[in-house]
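In what follows, a single structure is set out as C-alpha cells and then discussed.
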Amino acid sequence: MTLRSCLTLLVACMPACGAGPRTGDASSPPDASIDRDDEADAVPADGRDSRDGAPDDAPADVVLPPVPPARCYRETERPPSSAPFGFPMPNLDDERRTYRAWGLTWSMDAEPSVPADPDFEVRDPDIHGDTEGDDLWTSLAMALRTGQPGYWDRARAWRRYFLHDYRSCVGTSGATFCYDRDSFGGCHFWGAGLIAWSRAMGDMEALAEAERLGEELERLWSDASPYGCLPRGGCTWYGVRAIGRHLLFATRLAEVTGQARWVALRDRILDRLLVRSPDWDEALGTYVLGDWSTNTLLSDTYDREDDYYARGARIVSAFELGVLSEGMDHAYRVTGNEELRRRMIRMAQFVATHGLDPEYQYTGSRFGVVDGRTWHNYSAREPVTFWDPVYTTSLVNLLVRGYLYSCDETFLRRARLHFERGNGGLYGEPRRRAVAEGIVHHFVDSRFDSSHGNFYYAYNKGELQYTYLLFSLAPP
C-alpha cells in the first residue's frame, strides 16, 4: 500500500467528534485575503551554490545564532529564548540539510537568488486588502538566513515604512492601518518585525515605535475598546488571525522590554483566548468559527441557507490556525502556561486528523467537520476543478509544535507531508503537480508574487512564518 493510500485510509476512518454550541457577534467580521501564485517550473536536479553572503553595507556581526540540537520537550519543559526572533531561526543550509535528509533533490533556481534592489520602496500598501504577513519580519529573517542583498533592501524599505507611515496612516483612505484598525479590529496588525529588527540591529528607534503601536493595541483591548468583540472574547467567532497576531506582538513586546504594562496586555489577551473565548471546541481540539461565520460560509458554498452550525458543522481557517499557533507558542515559551501547550497539542491532533482532504491530500482554505465527516471547501462540490495548495503549507509549524510538545513523531511525519504537498502543488490544480515527487519546487520565500509586481512574497504572502520550525530540526 502506498503512503498516500495509507494516509487516505487513516483520515477517512477517523471517528467524528462532537462540538459545543456558540453564538456569533454583531460587529463587522474580518474578511479573508487570499493570495494566489502560479509559479510552476522546476528541474529535477540536485544543487547548491555559494550565493550566500552578507551585503557590503550589512553590519559584520549581524548573524543568526546557531540552532541548538533538535529535541522535543517533555511535560513542563519549554524552549529557550533566542534573539532576535524569540525562537531560533534556521539558516539556508539548515533548509538544504533538511531536504537532503528527506532524500529530495532540487535545481539551482529553486534556491533564493535575490540581487540588490536599492530602488525597492514601500509606499501606500493596502494593509487590510493585500498584506497577510509582517514583511519586515520576513525580509529581515530571509536577509539573515541567506545574506543576500535584495532581502536587506526589502527589510530596510519596510523598516522605513513601519517607522514613519504605518501607525501614522500615510496612504490611501481605505488602505491604511487606521482602516484595518477601525473597521476590522486590527486583524492585520504588524509590529513583530520592528521588535526583531531592534534586537538584530540595536535599533532603539524601531523599539520605540513598537511601543507606540503597543499603545494602539492597548486601546483595542481596553474595556472602552472601539471594537468591542476584542475585550469581550477576542472576536474568535470571526476567526483567530487577529487574536493570534495581537498575542504574538504583545508577547514579544513584553519579553523584550520587560515592562509590566506590556505583560498586562499580553495576559489580558491570553485571558480572552483561554478563558473567555467561546470558540474553543474541546471535543475536536481546536478553535472554530462561530455560528454566523459557519452558516454564512456553508450557505455560500452550497447556495442554500441553513443552520449548519446547529447541525454540528465546525469549520476553521487553515492559515489562521497557523497564525494563532505562532502567538500561542511564543506565549508558552515565556510564560510556561501549560494550557497553551495542551491546546497546541490538541490543535495538532485536529490537523493530523482532518487537515488533509482524504482524496486530494491538500488542505482547503477552510476545513473541518460537516455531517460528521472531514470537509474541505475546495472539494465540497462536484466536479472539483480548483485547489490552492498554499493552505496545506500553513499548518506545518503547528504540526511541528505537536511533535515538540508531545514527542510523538507522528506529528513530525505529518508536518513533512504537509510541507511537500504544499511546496509541490500547482495553483488551481486539484491533482496536477508542479514537480514530480521527490523534487523541491522552491525554497521558502524564494519567490515573489508576480500578480503584485513582485512586491509581496508569493504563496499567501510568505511561507517562512509557517514553516521555519521544520528546518530547526535539521540533522547535523
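Annotations
- Between GLU305 and ARG212, the simple label model (points 7 Å from Cα in the Cβ direction) yields a spacing of 4.7 nm.
- As a rough guide to protection, the peptides 336-342, 432-438 ranked by mean Cβ packing within 10 Å, highest first, stand as 336-342, 432-438.
- Within the chain, helix-based [θ] at 222 nm, where runs of 4 or more DSSP H residues each add -39,500 (n - 2.57), nearest 500: -13500 deg cm²/dmol
- Basic side chains Lys and Arg get +1 at the Cβ, acidic Asp and Glu get -1 at the Cβ, and with that the dipole of region 185-278 about its Cα centre reaches some 400 debye.
- Along each principal axis, Cα extent of region 185-278, largest first, Å: 41, 24, 22
- Full extension of the chain segment joining GLU437 with SER225 gains 71.3 nm, where the gain is 0.36 nm per residue of separation less the Cα-Cα distance.
- For THR385 and ARG123, the FRET efficiency from 1/(1 + (r/R0)^6), where r spans their Cβ atoms and R0 equals 30 Å, is about 0.20.
- Region 234-362 pair-distance distribution - Cα-Cα, 10 Å bins, rounded %: 13, 40, 31, 13, 4, 0
- Once you reduce region 428-476 and region 233-282 to the center of their Cα atoms, the two points are 29 Å from each other.
- Rounded to 0.05, the FRET efficiency of the GLU339 and ALA260 pair, given R0 = 30 Å and the Cβ-Cβ distance, is 0.85.
- Convex hull volume per residue in cubic angstrom - Cα atoms of the chain: 139 Å³
- Counting charges near LEU298 (Lys, Arg +1; Asp, Glu -1) among other residues having Cβ under 12 Å from its Cβ returns a value of -2.
- Ranked from largest, the principal axis spans of the Cα set of region 220-264 equal 31, 22, 12 Å.
- Other residues with beta-carbon under 14 Å from the beta-carbon of HIS164 carry, at +1 per Lys or Arg and -1 per Asp or Glu, a net charge of 0.
- Near THR353: Cβ cut-off under 11 Å, other residues only, Lys/Arg at +1 and Asp/Glu at -1. The net charge is +2.
- For peptides 121-129, 238-246, sequence by mean Cβ density within 10 Å, most packed first: 238-246, 121-129
- Here the spin labels are modelled as points 7 Å beyond Cα on the Cα-Cβ line, and at ASP267 and GLU409 they lie 4.1 nm apart.
Read the figures in this text as sums done on the coordinates, not as results from a lab. Everything numeric here is computed off the predicted structure, so don't read it as measured data. Quick reminder, even Gly has a Cβ in these numbers, built from the backbone with ideal geometry, and neighbours come from all protein chains shown.
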